[in-house]
1. In this structure, is ALA410 open to solvent by less than 60 Å² (accessible area, probe 1.4 Å), out of contact with any strand residue (DSSP E or B) (no Cβ under 8 Å at 6 or more places or on another chain), of a type in the set (A, V, I, L, M, F, W, C) and more than 20 Å from GLY328 (Cβ to Cβ)?
2. Given the conditions (1) part of a loop (DSSP other than H, G, I, E, B); (2) without any contact (Cβ under 8 Å) to a residue 60 or more places away in the chain; (3) not aromatic (Phe, Trp, Tyr), report the number of the one that ALA114 does not fulfil.
3. Scan the strands (runs of 3 or more DSSP E) fully inside region 125-215 and keep the ones with 2 or more residues being under 30 Å from ASP37 (Cβ atoms) and within 21 Å of the chain's Cα centre (by Cα).
4. Looking only at residues that are β-branched (Val, Ile, Thr) and more than 12 Å from TYR80 (Cβ to Cβ) in region 111-132, which one is most open to solvent (accessible area, probe 1.4 Å)?
5. Looking at ASN363, ASN369 in this structure, which one is at pLDDT below 95 and more than 21 Å from the chain's Cα centre (by Cα)?
6. Inspect all residues belonging to region 434-448 and state whether any of them is of a type in the set (A, V, I, L, M) and under 29 Å from the mean Cα position of the chain (by Cα).
7. Kindly state which strands (runs of 3 or more DSSP E) lie completely within region 299-367 and contain at least 3 residues that are open to solvent by 10 Å² or more (accessible area, probe 1.4 Å) and under 24 Å from ASN473 (Cβ atoms).
8. Could you give every pair whose Cβ atoms fall below 6 Å, whose first residue belongs to region 334-347 and is on the phi > 0 side of the Ramachandran plot, and whose second residue is of a type in the set (Gly, Ala, Ser) and surrounded by fewer than 24 Cβ atoms within 10 Å (Cβ to Cβ), counting only separations of at least 6 or pairs across chains?
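The values are calculated or read from the model by the stated rules, or taken from the named source; none is laboratory data. Note that the structure is a prediction, hence the values are computed from the model and not measured. Cβ sites come from the backbone with ideal geometry, for glycine too, and all protein chains shown count toward neighbours. Each accessible area value is taken on the protein alone, full model and side chains, heavy atoms only, with ligands, DNA and RNA left out. Shrake-Rupley method; radii C 1.70, N 1.55, O 1.52, S 1.80 Å.
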Amino acid sequence: MRQNFILFIFGIILAFSSCRTDFDTVASSGDLKFSKDTVYLDTVFKNIGSSTYQLKVYNQSKNDISIPIVQFKKGLNSKYRMTVDGMTGNNGKIFQNVTLLAKDSLYIFIETTADITDANPDDFLYTDEIQFDSGANLQEVALVTLIQDAVFLYPNQNPDGTKEKIKIDGKDVDGFYLSENDPVNGNELLFTNKKPYVIYGYAGVPENKTATFEAGARVYFHANSGLYVGKNASLEINGTTSTTDKLEKEVVFEGDRLESLYSDIPGQWKSVILEKGSANHSINHLTLKNGTIGLDIRSAQNPIEIKNTQIYNCAEYGILAQNAQITGENIVVNYAGLASLSCVYGGNYSFTHCTFNNSWSSNSPFAVNLSNSLAGATPDTNPLTQATFNNCIIYGSATNEFNLNKNTKAPFVYKLNNCLLKFSSSTNNPDYQFKTDTEHYTNIILNENPKFYNVAQNKFNIDKTSAAFAKGNQAYIIPTDILGITRTSPPDLGAYQSQDFPK
């Protein structure tokens with residue numbers, strides 16, 4: 001009985017202590033420690049919210065403390081907002097009497113949404129400070145964000161509240177057609193390098209019109225957005241050779257999340273679609289990354305020229321061509337969920353001095369896939385009248401990076417000349433007799449390492465130790481490489497002329 005009574009008393013004490021909400025604290029003495037003295041929020045476009053950034057605050061003393069105030073220096077007018085250990089305070093701007101236990105820490109999460117007019121006009125930086133306490137105990141952590149001005153292109157809102165639509169693959173999708181005489185943006189078919197462009201939804205090129213991208217143009221696509229070039233419309237990308245890693249003269253297509261966390265995440269936006277019936281396309285010095293399908297080419301109306309172009313980190317395909325006609329020179333494609341280059345449903349293709357690599361972590365993707373059929377199409381086959389690869393590299397992390405999907409109901413014509421190829425499986429399949437089948441293969445370097453400079457960073461330069469060094473055929477030479485460097489004779493394979501790597 002006595003034992004039960006003691007347990008009863010202990011339970012009452014425990015219950016009261018667990019319900020206690022007050023703490024004996026002392027005032028902060030200004031000795032807080034921080035995980036950073038400055039929080040840099042990556043570049044954002046005006047009026048688009050940033051990612052969330054973290055600051056950790058430490059109480060290294062033996063006392064539980066109370067911080068009288070945690071606030072932005074600009075107070076309620078700040079364009080930043082924060083939560084402090086899950087609390088939102090006064091509009092995410094001002095927090096009073098914040099408790100921090102001895103030898104403990106708290107998390108502050110910070111975001112911003114600011115306009116270009118909020119930034120310093122000299123450097124376009126928007127800044128503020130988080131203040132802890134005041135007077136002699138004041139401590140501050142700086143906040144810095146670069147705000148970029150941009151031209152925003154997006155679907156209009158209809159009177160009934162729905163968004164403007166365009167039709168792609170028989171479906172209505174959020175989108176709009178670019179205008180030559182937009183009352184706000186002027187000629188939307190001409191993309192200059194004066195400001196970046198941010199596209200929401202699919203931007204369509206009207207029939208009989210051309211979308212032109214000048215050297216240095218930057219286009220950022222929001223999630224589920226893309227560029228659609230429809231019947232009798234044209235795409236003209238006029239990038240030129242850049243002299244620095246900033247790609248200042250390239251035309252760049254990528255997602256609209258500028259934070260470093262998103263720099264190489266596939267599938268952030270949809271695709272550039274060149275629809276069947278579109279015509280007269282030319283693509284030169286384009287860098288495209290982080291889409292779902294980089295170039296979705298469906299046109300067979302006339303040949304498409306793709307030169308000096310880089311395509312990286314696509315969730316499905318870098319280039320998907322359906323019964324298309326492509327002449328490609330100095331192209332580099334890497335990291336695609338299904339294939340870096342997939343030419344299906346026939347067509348006519350010629351690729352010279354190209355590097356098709358696929359370092360996707362799964363073993364199923366290919367660097368190059370060729371097919372003369374398409375499931376669900378009518379008819380289900382089309383002639384592959386030519387698929388020629390000259391002085392190319394076809395490589396990657398999978399066992400076999402080259403795939404032929406032949407249907408005997410239609411012609412299937414292909415030829416690899418002076419190419420470095422990864423195909424490690426031994427096979428009796430007559431389609432993959434790289435050393436003896438001279439009708440389809442000439443001077444194939446099989447399963448030797450091209451020794452790319454840095455695959456993880458999409459740098460496919462080679463040096464003199466590469467198996468691709470000086471193995472090209474002079475008859476197929478493109479005089480300059482993707483960087484504008486003059487090729488030597490005999491030329492190296494792939495898109496890059498060999499150079500000594502930096503030490």
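1. Answer is no for this residue.
2. All conditions pass for ALA114, except number (2).
3. Answer list for region 125-215: 139-148.
4. At the first step, the residues of region 111-132 found to be β-branched (Val, Ile, Thr) are 112-113, 116-117, 127, 130.
From what is left, the residues that are more than 12 Å from TYR80 (Cβ to Cβ) are 116-117.
Values: ILE116: 31, THR117: 112 Å².
Here the answer is THR117.
5. On the way: ASN369 fails: at pLDDT below 95.
So the residue among ASN363, ASN369 that is at pLDDT below 95 and more than 21 Å from the chain's Cα centre (by Cα) is ASN363.
6. No; the residues of region 434-448 include none that is of a type in the set (A, V, I, L, M) and under 29 Å from the mean Cα position of the chain (by Cα).
7. 304-314, 317-336, 339-352
8. That search, which allows pairs on different chains as well, returns TYR335/SER359.
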